[in-house]
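Engineer: Pasting a structure below so you can have a look.
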Amino acid sequence: MQFVGCIDGSLRKRDLKRRLTSPPAPILQKLPVGGARRLKDRREEAIVRQFEQQVHSELQNQHQQCRERFLNRWHHIRNLYAVISEVMTARTEASSKLKSKLPLPAAGAPSVSKGPTEPLTPAPLHKLTSMAWLIDVAREFRQGVATHLVTIPKTEIVFGTALHLSLTSARTSQIASCLRGVFQAFQQQPESCTIDYRELLSAIFVLDRWREGEKKMVARWFHEFAFPLAENSAAIGDMKMAIRGHDLQRMLFTACGDEMDEAKMQPFVTELLAAMTQRGRSYIAEKTLWDYSDTHPKLLETIKKLCWKRLTDDTRLDFYRDVYLHAKERFIKEDARVRIEKALSIWRTREPRHRFARWKVFVACRKLMRSGDAHFRACSMTKLVRRFRQNRQRKQEMHAMVLTAEKHRNSSLLRFTFRPWTLFWRSMQLIHAAAWKRSERHDVHRRQKRSWSSWSTFHEQAKVRRAYCEKTATAFIACRHQKILRSSIDTWLFHKRRQKDVAAADIRGRQLQQDLWLQEQIEAESAQMEIEDKLSAAVAAKARASAEKGRRRSFIEATDRVHANRKLQKQKEERIQYKANRERTAELEATQAWAAIREQVAAEVRSTTLTWLDTRDAKDQIQTEANRIFETDAKWIRNELNRDAENSAKILPKGCRWQVFLEAPHGIVTRKLTKAFYLNTVTYEKYWCDEVVLEECEGIAREVIVQRRIDEAVARLNEKQKEWDLQRRQNIAATRIQMMFRCRQARLVCRRIIRNTLIKRIDPRSGQIVYFNFNRPQEIRRKPPKLIGSDEPLIPIESTTWVYRQDTHGAGYYERLDTGESSVGPPDHYMLCTRCSVYFVTRRKTSSGARYCIGCYANSRYASRIEASAAEKETEWTKMPVQPANCMICRNTLADFVCTDCKHDATCTRCFNAIHGRLAKNKTHAPPIHLVNRVSVA
């Protein structure tokens, strides 16, 4: 600017502004512009692209959040429905209680005598849970809103008007908060401030009218989203209604709660939209939708399942309880009917037996009377006369009782006949009264129908007229605004154009004098840009080299990890395979051994049983078994073998030398003519079942007895085998548990040793975390041992505040990890190591008081372990954290000095002067180490 002022002293800031807005000079247009774009421009473009990507990702995140809130909308809808239903139910109960307290009218229905209290019966399944407030809210939305898009204030106004509540009061704050949560859930676009109230009403219908059925539910959704195809289709039930294609997916996705539910409904939406496109329409008529639902019943089934999933657990539990009560009532009735039929059948079965028993008693008595002597007959005659008299008396009494019974019967018949007639007369009276009231209501409804129809027609016309007026006014205002804006812009452009022409004419003369200076400035800037481009290229090359090194390092580390994991996996698979082979070999040997034992037991039992068969007890058993075999019917054997060939074990034991077989059909012998026969599987002797004799049965019976004893011995042997297998598995399991416990204990011990021998440090050059070993100071690990596992965060760290660092040239400085500040010298009040005077103190020797850093501490222990036979004990050292040192005397002030002759005690200035200035022997101590330095903090 000074140079420009030298050229023309009258150049001012206004002239510079005019020069920046004026067209370029001809000499500037002639300057060559060659070469590639500047690296600075490319970096700026990269930053712009990065910001655009960030904005795009942020918009995507907002859309994703809106999508998640929309999928989780059912929680807010249930809360809103529950809160409003509770409030309205409480209001209805309060009004009903108030009406019950009022006096009843004199002219009421005639009182009916209350009968006995009937048992409680379950509620009918068709009973609805619909709430009246939902109808009011839907009507208010349709009448009070011109379009289907509403804002949150409009939604609150509609709900407050329909429910007769003020949502701004404290009592209805819960309803307002629930309504705002529902509004946010249905807000599918992050920048929009409106929702579609039709979706909200359809979702509430799912919770309110779920008992009406899926078809009626779809009809309610359709009528919410539908529009009339003709001008006279103002009625909701008119079949000339249709739904637009872009509203179809919203309607069918009403009951969906996640993306899986939407995927189930998407095929139906696609097919309906394809059918609409084929017909060349932009809407789907109601008849088309119902025809599609009839041909695709899976649509209504899917909607029913989705609506059922959206209900709460309490609603579903009430429905199942209702079904259970109905089923229980039906079961009780059916059980009573079955019991009555069973009692009737028992009575029919036992009544003839009782009569036959009485006849036997009568015959016995008659025989006894005929075979009695004269005295007995005389006594009997006397008793008979007495009984005749008693019988005559009983008949007289019975006759009197019959007359009384006839009298009571006639009166009961009169009551039985008169009561239905009375009931009929009373019913007719009630029917006439109900018909009279119904006719009165019908007359009132008929009178109100014309007024209501006229009012609804006027309301629809007013609604359409209001929407048309709003649309026309908006279009007129927009057109007028465009005209005024266009005129203003044209005037402003003309003014600016003339102003630029005047400024250009004024400045063009001065610009000719500045072209030479501008050319020199451009050349200087070009040289500076070349330097900047070279520096940028060097920085970019260095960054690429660093990235390539990092990529190679990460690739090598990933390759090493893959090789190590593969090696560990291979070793694990080999161990598993070896253990499995060892287990398989042991099981095979045990199986072979038990099989050999089983064969040996069978041979021993057979020899013992053959010796025992010559005794008398054995002969009795042989005879019994032979009789059973001989008496077995051959036809029964054949039928059993025809039905199931494996049933031969019921006839003869399985494994016996003698077995039963069925003759194969051959020639004229058909399947019905085949016969069964006994066959010895060792000697191949054959006996027909219908021709076998007793001697042959005895031979078969001997083998049967032998086989049974063998089976018993084998069964006992199998039990022993099971016990042995169980004991073996228990021993193996116990061994494995013990090994697992020992491995876990060994892992815990190893991790404790690692925690006690390793410490985390900050590498001075790289700034990365390294692992330092106390026992081997020359070893520094970049990674902890794999055995530490999840206990890696438990390894202690040298310092969490200040650490020692080195720059690229090897110069040391100190850096604070938590705040990022750095210092050339050590920070105030922090103690450094006595040996190296570089690193911070972390250990203190108890005997001498010397303070060492972690490296010097490890080197001293390593040297003492090499020189002496026994290493120093850990109890001779104490740990010290890296933090500002406090005074050893007053304990309240930060330390400023460290005296090496006083066991390296740190004291503040006041305590140091008090100790070393009072005692004469303390005045001869070495100069103290200052802890307060002039630190240059960056």
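The values are calculated or read from the model by the stated rules, or taken from the named source; none is laboratory data. On a predicted model such as this, the values are computed, not experimentally measured, just so you know. Because the Cβ atoms are built from the backbone with ideal geometry, glycine has one as well, and the counts that use them run over all protein chains shown.
Engineer: Are any residues in segment 295-330 acidic (Asp, Glu) and closer than 30 Å to residue 271 by Cβ, and if so, which ones?
Structural biologist: Listed by number, the list holds a single entry, 301.
Engineer: Which pairs do you get when a residue that is farther than 14 Å from residue 42 by Cα, found in segment 532-548, comes within reach of a residue that is surrounded by 11 or more Cβ atoms within 10 Å (Cβ to Cβ), reach meaning Cβ atoms under 8 angstrom, with the pair 6+ apart or on two chains?
Structural biologist: none
Engineer: Quick one: which residue in 423, 485 is farther than 30 Å from residue 228 by Cα and over 60 Å from the mean Cα position of the chain (by Cα)?
Structural biologist: After applying the criteria, what remains is 423.
Engineer: Sticking with this one: For the structure I just gave you, tell me whether residue 760 is charged (D, E, K, R) and over 17 Å from residue 855 (Cα atoms).
Structural biologist: No.
Engineer: Specify which of the listed residues (781, 816, 776) is over 20 Å from residue 861 (Cα atoms) and among the basic types (Lys, Arg).
Structural biologist: Answer to the selection: 816.
Engineer: I've got another one for you. Being aliphatic (A, V, I, L, M) and modelled with pLDDT of 85 or more is the requirement here; does residue 167 meet it?
Structural biologist: When the stated conditions are applied, residue 167 does not pass them.
Engineer: Can you list the strands (runs of 3 or more DSSP E) found entirely within segment 729-828 that contain at least 2 residues being not assigned by TED's automatic domain parsing to the domain that holds residue 841?
Structural biologist: Answer list for segment 729-828: 758-762, 769-773.
Engineer: Is there a residue in segment 294-312 that is loosely packed, with under 13 Cβ neighbours inside 10 Å, among the acidic types (Asp, Glu) and either in a helix (DSSP H, G or I) or over 29 Å from the mean Cα position of the chain (by Cα) (or both)?
Structural biologist: Checked against the condition, which is being loosely packed, with under 13 Cβ neighbours inside 10 Å, among the acidic types (Asp, Glu) and either in a helix (DSSP H, G or I) or over 29 Å from the mean Cα position of the chain (by Cα) (or both), segment 294-312 yields at least one hit.
Engineer: Hey, another quick one. Tell me the helices (runs of 4 or more DSSP H) entirely within segment 171-278 that contain at least 3 residues that are under 27 Å from residue 136 (Cβ atoms).
Structural biologist: Filter on segment 171-278 gives 173-186, 197-208, 214-225, 245-252.
Engineer: Right, something else. Hey, any hits in segment 336-349 for a residue that's surrounded by 11 or more Cβ atoms within 10 Å (Cβ to Cβ) and either of a type outside the set (S, T, N, Q) or within 30 Å of residue 208 (Cα to Cα) (or both)?
Structural biologist: no
Engineer: Considering 834, 801, 842, which residue is in contact (Cβ under 8 Å) with a residue 40 or more places away in the chain, touching an Asp or Glu at 6+ places or on another chain (Cβ under 9 Å) and crowded, with 18+ Cβ neighbours inside 10 Å?
Structural biologist: 842
Engineer: While we're on this one: Restricting to segment 553-571, and then to whatever is basic (Lys, Arg) and at pLDDT 90 or above, can you tell me which residue is farthest from residue 783 (Cα to Cα)?
Structural biologist: For segment 553-571, the residue satisfying everything is 570.
Engineer: Identify the residue in segment 741-780 that is surrounded by 12 or more Cβ atoms within 10 Å (Cβ to Cβ) and among the hydroxyl-bearing types (Ser, Thr, Tyr) and, among all such residues, is modelled with the highest pLDDT.
Structural biologist: Among those residues, the one meeting the criterion is 771.
Engineer: Residue under question is residue 657, and the condition is that it be in contact (Cβ under 8 Å) with a residue 24 or more places away in the chain and within 56 Å of the chain's Cα centre (by Cα); does it hold?
Structural biologist: Taking the combined requirement at face value, the residue does not satisfy it.
Engineer: Can you tell me which residue among 557, 520 is surrounded by 10 or more Cβ atoms within 10 Å (Cβ to Cβ) and over 30 Å from residue 766 (Cβ atoms)?
Structural biologist: Answer to the selection: 520.
Engineer: I need a count of the residues in segment 613-640 that are in contact with a helix residue (DSSP H, G or I) (Cβ under 7 Å, 6 or more places away or on another chain), assigned to a helix (DSSP H, G or I) and under 19 Å from residue 696 (Cβ atoms).
Structural biologist: Of the residues in that region, 8 qualify.
Engineer: Would you mind stating whether residue 776 is out of contact with any strand residue (DSSP E or B) (no Cβ under 7 Å at 6 or more places or on another chain), of a type outside the set (Gly, Ala, Ser) and within 30 Å of residue 806 (Cβ to Cβ)?
Structural biologist: Considered against the rule, which asks whether it is out of contact with any strand residue (DSSP E or B) (no Cβ under 7 Å at 6 or more places or on another chain), of a type outside the set (Gly, Ala, Ser) and within 30 Å of residue 806 (Cβ to Cβ), residue 776 comes out as yes.
Engineer: Going residue by residue through segment 460-477, is there one that turns out to be in contact with a Lys or Arg (Cβ under 9 Å, 6 or more places away or on another chain), in a helix (DSSP H, G or I) and not assigned by TED's automatic domain parsing to the domain that holds residue 144?
Structural biologist: Among the residues of segment 460-477, at least one is in contact with a Lys or Arg (Cβ under 9 Å, 6 or more places away or on another chain), in a helix (DSSP H, G or I) and not assigned by TED's automatic domain parsing to the domain that holds residue 144, which makes the answer yes.
Engineer: Listed residues 219, 138, 132; which is crowded, with 17+ Cβ neighbours inside 10 Å and in contact (Cβ under 8 Å) with a residue 12 or more places away in the chain?
Structural biologist: 138 is the lone residue from the list that is crowded, with 17+ Cβ neighbours inside 10 Å and in contact (Cβ under 8 Å) with a residue 12 or more places away in the chain.
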